[in-house]
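Written below as structure tokens is the structure these notes are about.
What follows is calculated from the coordinates using simple rules that are stated; it is not laboratory data. Predicted, not measured: the structure shown is a model, and the values here were computed from it. Every residue, glycine among them, receives a Cβ derived from its backbone with ideal geometry; neighbour counts consider all protein chains shown.
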Amino acid sequence: MSASPRLSVRIDRKVCVGTSNCAEEAPRAYEMDDHASPHARLDATDDDLLKGAEACPVGAITVVDATTGKQVYP
């Protein structure tokens, strides 16, 4: 899990298929490692975290409010 000022991101590695859509759509929020697995950047903005999560074709990225724990996306 990675955090931004307000949002946290969970990436389900069992669901992720490594398309890199998240990193292409929001490069300031997500980066791919050597195993084609995405990681959220700690300095990402909330808007960029959401933008990248929305770009995931298999719904592997869940975004939650870091304060309340309430799911924001999907």
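Classify the range 2-73: rounded, prolate or oblate, from the alpha-carbon gyration tensor (a ≥ b ≥ c, eigenvalue square roots; a/c under 1.5 rounded; otherwise prolate if a/b is larger than b/c)? Prolate is the answer for the range 2-73, as a/c is 1.5 or above and a/b outweighs b/c.
Across the chain, the mean sequence separation of Cα contacts (distance under 8 Å, 6 or more residues apart), normalised by length, yields a relative contact order of 36 percent.
Once the Cα atoms are used to define both axes, helix 46-55 deviates from the longest principal axis of the chain by about 40 degrees.
As a rough footprinting exposure proxy, the listed residues 64, 15 were ranked by other beta carbons within 10 Å of their own, and the order from fewest upward is 15, 64.
Taking other C-beta atoms within 10 angstrom as a stand-in for reagent exposure, 37, 8 fall in the order 37, 8, fewest first.
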